[in-house]
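Just below is one structure, and these are the notes that go with it.
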Amino acid sequence: MAATFATAGLLLFNAVSASAIYSSKHTNGYCKQLDIPVFATSESAIYDVPRVDSNIDAIAWAIYADTWSTPAGAARIIKNTTTSDTFNIHAQLCVPKTAGKKNDILHIATHGVHYDSRYWDPELDREKQSYVEATLRAGYSILTYDRLGVGKSDKPDAYDVVQAPLELEILRHLTLMARNGTLYSFAEKAKPANAAFNKVAKPASKVIHVGHSFGSFLTSAFIAKHSSLSDGAIVTGYLTSKYLGKAGMASFNAQFAPTSSTPFDRPSGYVVCQKSGIQTIFFAGNPKTAFTKEMLDYGDAIKQPVPIGEFSSAYRIIGLPGPDFKGPIQYMLPEFDFYICAGDCKGIYDLEELKKTYPKAADIEVAIQPNTGHAFTLHNNATAGYQVTYDFLAKNGL
Ligand SMILES: *[C@@H]1O[C@H](CO)[C@@H](O)[C@H](O)[C@H]1NC(C)=O
Ligand SMILES: *[C@@H]1O[C@H](CO)[C@@H](O)[C@H](O)[C@H]1NC(C)=O
Ligand SMILES: *[C@@H]1O[C@H](CO)[C@@H](O)[C@H](O)[C@H]1NC(C)=O
C-alpha cells in the first residue's frame, strides 16, 4: 500500500512539475517570446515631481499627486524635451493552431499600470481567464507586450523617460511592424525555432487595438491620432467621466519598489502597490462570488512597479478627439470598477458624448461585465466577458 501511495505521489508531483515547465504552452495557439528593439522619438518633458527614493517618499508622492492645489498637466512642466532612443520591448506573438478566416486579424493588447503583459495571459487558469487563450480559441492572432518600464522590457528613468507620448510611439511602431510584416519575419527567426508557428503566422491584414486601464488611455489616443492604423478598438477598464481616478494615487498604498515588502530591482521613482492596494484598485464585486483568494494572491504575485513619469504625463493622451477613426469601438467596463467609475460603472456613460469623440466610428457599444472589479481578467466569468467582445467584433465583420 505504502508503495502505491508513494507512486501516486510521484505521479502527482510529475504532473505538477510538467505543467510548470510547459506553462508557456497554449492550448489553442503557438506563441513566441520576442525581444524587439524599437527605435522611438517623442515629445517629452521634465515635470515638477517629488523624487521617490524610500517608502516614506512613495506615500508623500501619492499625497502630492492627489492634493487639489497641486498644479495639473502642463502647469507642472519645467522644461519641454525630446526623447529619442532604442528600447527593448518584450512581447509575445501568438497565432491560432488552426488556420482559419481570422488568423490574419491581429489583436494588439496593451496592459495597464501595476501589471505587465501577464495581465492578458494569467497562468493561474488560462482556460478560464486568459484573454490570449480565448482570443486564439476564437481564431485570431494576438500580440501582447510589456510596456516600457515593466516586466522584461527596458526600465529607463522613471521621471523623464517613461512617459505616455513615448509609449504611444512604441505602440505605433509595433503596429507598423505588424502591418508591414517585419514583426512576423522577426518572430519566425526568434529562438527557439518553431516550424508550426511559421506555418500559420501570416502578416496582419487587420489590427484590433485592445487596452486595459492605462493601456486603454494609450489605445484611445492611438485610434484618435493614428486612425488609419487601426481597424477596431476594445477599451476595457476605462471611460472618461467625473469619477475617473477619484480613488486617487493614495489608494495604491504604494511603496518604493526596492524597499517594498516584495522588493524589486528598480531605480528611483518606481513605486509598487502593497497587496491591500492591489485589492482596493483591482478586485471588486461580491467577495464570495466575484473572485477567489487564489485570484487575489495571483494578482498580487504578478504586480509590477510603476515609473511615476507615466502619471505626470498621462494628461497628454487622455480625451483626444478621434474625428477620423472609422472602426468599431467597444467599451468593456467591469461593473464595480473602483478606480475608473468610483465603484459603479452602471449608468455613468453618455453614448452621445462618445459618438461626438469618434463621429465616424462604425459602431460604439458600452458593455458591462457583471460582478467584477478593475482587473476583470482575474475575476470569475472572465471568458463570458471576452465572448461579448468577440460577438461585437463579429457583428462588425472582424
Ligand atoms: C511646453 O510646451 C507646451 C506646449 O507646446 C507649452 O504650452 C508650454 O508653455 C511649454 N512649457 C515650457 C516650460 O516651456
Ligand atoms: C516596418 O515598420 C517598422 C516600424 O516602424 C520600421 O522600422 C521598418 O523599417 C518597416 N519596414 C518596412 C519593410 O517597411
Ligand atoms: C457572466 O458574463 C456574462 C457576459 O457578460 C453575463 O451575461 C452573465 O450574466 C455573467 N454571469 C454571472 C454569473 O455573472
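The values are calculated or read from the model by the stated rules, or taken from the named source; none is laboratory data. In this text the structure is predicted, and so the values were computed from the model without any measurement. Here the Cβ positions follow ideal geometry from the backbone for every residue, glycine too, while neighbour counts run over all protein chains shown.
Among the candidates 102, 79, single out the residue that is closer than 24 Å to residue 393 by Cβ and in contact (Cβ under 8 Å) with a residue 24 or more places away in the chain. So that I can check it myself, show each step before the final result.
Values: 79 fails: closer than 24 Å to residue 393 by Cβ.
After applying the criteria, what remains is 102.
Cβ contacts < 7 Å: first residue surrounded by fewer than 24 Cβ atoms within 10 Å (Cβ to Cβ), restricted to segment 227-240; second residue of a type in the set (Asp, Glu), any location; separation 6+ or different chain. Result?
227/324
Would you list the strands (runs of 3 or more DSSP E) that sit entirely within segment 26-136 and hold 1 or more residues that are within 16 Å of ligand 1 (Cβ to nearest atom) and aliphatic (A, V, I, L, M)? Show your work before the answer.
Working: elements: 29-47, 77-96, 105-110.
Where strands (runs of 3 or more DSSP E) fall fully within segment 26-136 and carry at least 1 residues being within 16 Å of ligand 1 (Cβ to nearest atom) and aliphatic (A, V, I, L, M), they are 29-47, 77-96.
Tell me yes or no: at least one residue of segment 305-314 is crowded, with 23+ Cβ neighbours inside 10 Å, in contact with a His (Cβ under 7 Å, 6 or more places away or on another chain) and more than 26 Å from residue 392 (Cα to Cα).
yes
Would you say residue 183 is over 30 Å from residue 340 (Cβ atoms), of a type in the set (A, V, I, L, M) and modelled with pLDDT of 95 or more? Explain how you work it out, then say what you get.
Numbers: over 30 Å from residue 340 (Cβ atoms): yes; of a type in the set (A, V, I, L, M): yes; modelled with pLDDT of 95 or more: yes.
For residue 183, the condition - over 30 Å from residue 340 (Cβ atoms), of a type in the set (A, V, I, L, M) and modelled with pLDDT of 95 or more - is met.
Of the residues that make up segment 64-81, is at least one modelled with pLDDT under 95, under 30 Å from residue 194 (Cα atoms) and out of contact with any Asp or Glu (no Cβ under 8 Å at 6 or more places or on another chain)?
Checked against the condition, which is being modelled with pLDDT under 95, under 30 Å from residue 194 (Cα atoms) and out of contact with any Asp or Glu (no Cβ under 8 Å at 6 or more places or on another chain), segment 64-81 yields no hits at all.
Read through the list (1) within 16 Å of ligand 2 (Cβ to nearest atom); (2) out of contact with any strand residue (DSSP E or B) (no Cβ under 6 Å at 6 or more places or on another chain); (3) in a helix (DSSP H, G or I), then give the number of the only condition that residue 169 fails.
Result: residue 169 fails condition (2) only.
Scan segment 202-215 and report the pairs whose first residue is outside any loop (DSSP other than H, G, I, E, B) and whose second residue is of a type in the set (Lys, Arg), with Cβ atoms within less than 7 Å and a gap of 6+ or a chain change.
207/179
A quick yes/no check of all residues on (1) more than 9 Å from ligand 3 (Cβ to nearest atom); (2) farther than 28 Å from residue 292 by Cβ; (3) of a type in the set (Val, Ile, Thr):
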site	(1), (2), (3)
346	yes, no, no
352	yes, yes, no
356	yes, yes, no
362	yes, yes, no
370	no, no, no
374	yes, no, no
378	yes, no, no
383	no, no, yes
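A quick yes/no check of all residues on (1) of a type in the set (S, T, N, Q); (2) within 19 Å of the chain's Cα centre (by Cα):
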| position | (1), (2) |
| --- | --- |
| 239 | no, yes |
| 242 | no, no |
| 255 | yes, no |
| 259 | yes, no |
| 265 | no, no |
| 274 | yes, no |
| 279 | yes, yes |
| 283 | no, yes |
| 290 | no, no |
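Kindly indicate which of 347, 343 is at pLDDT 95 or above, surrounded by fewer than 24 Cβ atoms within 10 Å (Cβ to Cβ) and not aromatic (Phe, Trp, Tyr).
Values: 347 fails: at pLDDT 95 or above.
After applying the criteria, what remains is 343.
For segment 279-370, which fully contained helices (runs of 4 or more DSSP H) count at least 1 residues that are touching a residue at least 12 places away in the same chain (Cβ under 8 Å) and over 30 Å from residue 122 (Cα atoms)?
Numbers: elements: 293-301, 309-313, 338-341, 351-357.
So the answer is 351-357.
Let me confirm something: among 35, 48, 85, which residue is away from ligand 2 (no atom under 16 Å from the Cβ) and either modelled with pLDDT under 95 or not β-branched (Val, Ile, Thr) (or both)? Give the steps one after another, and end with the answer.
Working: 35 fails: away from ligand 2 (no atom under 16 Å from the Cβ); 85 fails: away from ligand 2 (no atom under 16 Å from the Cβ).
Within the list 35, 48, 85, the selection yields 48.
Out of 250, 193, I need the residue that is out of contact with any Cys (no Cβ under 9 Å at 6 or more places or on another chain), touching a residue at least 24 places away in the same chain (Cβ under 8 Å) and more than 28 Å from residue 366 (Cα to Cα). Which one?
Working: 193 fails: touching a residue at least 24 places away in the same chain (Cβ under 8 Å).
Answer to the selection: 250.
Being surrounded by fewer than 24 Cβ atoms within 10 Å (Cβ to Cβ) and among the basic types (Lys, Arg): is that true of residue 126 here? Step through it out loud before you land on a result.
Numbers: surrounded by fewer than 24 Cβ atoms within 10 Å (Cβ to Cβ): yes; among the basic types (Lys, Arg): yes.
Here the answer is yes, as residue 126 does meet what is asked.
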